Amino acid sequence: MDSRPIGVFDSGVGGLTVVQEIMNQLPNEEIVYFGDTARVPYGSKSKETVTKYSKQIIRFLLTKNIKAIVIACNTASSNSLEEVKRTFDIPIIGVVKPGAVMAYKTTKNNRIGIIGTEATIRSESYSKEIKKHNENIKTFSFACPLFVPLAEEGWTNNEISYLVSKKYLEQFTDKEIDTLVLGCTHYPLLKEVIQDVIGDNVKLINPALEAAKDLKELLTSINALRQNERVPKHSFYVSDNTTKFEQIAAIALKKSIPPVKIIDIEQF
Ligand code: DGL
């Protein structure tokens, strides 16, 4: 048993979709969340910059006496996971591997679509992970950058999000995929419209859900689950402007959160 909290981080608010899954699957665990609202988006940045930011955030989270880290951000998981695992002596889970494993287990025709930020797609992280398990699987990857601001605006299911989805997802016409990975924290918020456009024959994979399952397995295997001695107290930190974060948190988590604190992340 280990009562220390779990550190979770993302480039901003998107990682709250992962927090929600952790809260559902591990209701006794305490979470320390950091959203890098000053430096979002990561999706258009280089591997070097995203890795530098990830290291700073992990140094900050380590000051909070955490027992494990979940990189909720697909872009940071794709570009920095290996490097931060080499650098820090603490269990670290990303979202890519769990999402990729579920995708290859789900496909029946060995044709998988992947959508994510430019940096995630450029890294080919999902395709590489999927092909490690089965090199005969064909993957088709496209960046859908406009999904991020749409989700943040709360335009998750209206005529604009429908049109944008149609434009992006028509790239899969003729690819005959039967599985689509939502490889970005924000995309699960648009899942209804994405499913509507891509059609019911295509199964959507939400890596946030799979990462929470992996975390549960990890904590169980190292005997580090928290017991329910008292109601968990979560804490939320950002690097800039808390208002928008608090608004989106209320929508994503469907509950209000304690006051969000601002951290000067450049100090770490
Ligand atoms: N959190 C990022 C991801 O999952 C999306 C937003 C960004 O570009 O920073 O890739």
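None of the figures in this text is laboratory data; all of them are computed from the coordinates on show. Keep in mind it's a predicted model, so treat the numbers as computed, not measured. All Cβ positions, even for glycine, are placed from backbone atoms using ideal geometry, and neighbour counts span all protein chains on display.
What are the semi-axes of the equivalent ellipsoid for segment 1-42, taken as the square roots of 5 times the Cα gyration tensor eigenvalues, largest first, in whole Å?
Square roots of five times the eigenvalues give 22, 11, 5 Å.
Which of the trypsin sites (Lys or Arg not before Pro) found in segment 159-265 are in a DSSP loop and have at most 11 neighbouring Cβ atoms, other than their own, within 10 Å? Walk me through the numbers before you get to the answer.
Values: sites: K166, K167, K175, K191, K203, K213, K216, R226, R230, K233, K244, K254, K255, K261; in loops: K175, R226, R230, K233, K254, K255.
Passing sites in segment 159-265 are R230, K233, K254, K255.
Run the numbers for N24 and E266: contour at 0.36 nm per residue of separation, minus the present Cα-Cα distance, in nm. Walk me through the numbers before you get to the answer.
Numbers: separation 242, 0.36 × 242 = 87.12 nm, distance 3.23 nm.
In short, 83.9 nm is gained.
Counting only lysines at least 8 places from K213 when in the same chain, those with an alpha carbon closer than 16 Å to its own are K97, K105. Charge dipole (Cα centre; +1 on Lys/Arg Cβ, -1 on Asp/Glu Cβ; no other charges) of segment 38-80 amounts to roughly 120 debye. Both the radius of gyration and Dmax for the chain are 17.6, 54 Å, in that order, over alpha-carbon atoms.
Here the label points at N241 and H133, each 7 Å from Cα along the C-beta direction, are separated by 3.9 nm in the simple model. With 0.36 nm allotted per residue and the present C-alpha distance subtracted, the S256-L163 stretch has 30.3 nm of extension available.
Pop out the ³J(HN,Hα) list for segment 257-263 in order, Karplus 6.51 cos²θ - 1.76 cosθ + 1.60 with θ = phi - 60°, rounded to Hz; leave Gly and Pro as x. Per-residue couplings from phi come out as 10, x, x, 8, 9, 9, 10 Hz. Comparing T173, T75, T107 in a Gaussian network model of the chain (Cα springs below 10 Å), the most mobile by mean-square fluctuation is T173.
Per the Kirkwood formula applied to alpha carbons, segment 1-144 shows a radius of gyration over Rh ratio, Rg over Rh, of 0.98. In straight-distance terms, cross-link reach from K45 covers every one of the lysines whose alpha-carbon lies under 16 Å from its own, apart from those fewer than eight places away in the same chain; here that gives K55.
At 0.36 nm per residue, minus the direct Cα-Cα distance, what do E192 and L62 gain on full extension? Give it in nm, one decimal, please. Please list the in-between numbers first.
Details: separation 130, 0.36 × 130 = 46.80 nm, distance 3.67 nm.
The E192-L62 span can extend by a further 43.1 nm.
Computed across segment 116-259, the Kirkwood hydrodynamic radius from all distinct Cα-Cα pairs reaches 17.6 Å. Positive end of the dipole of segment 1-99 (Cβ unit charges, origin at the Cα centre): among I66, I92, Y42, the Cα lying farthest that way belongs to Y42. Loop-only check: which trypsin sites (Lys or Arg not before Pro) in segment 7-78 are DSSP coil with at most 15 other Cβ within 10 angstrom? Loop-located and lightly packed - K64. With N the number of residues in segment 116-196, Rg(Cα) / (2.2 N^0.38 Å) evaluates to 1.12.
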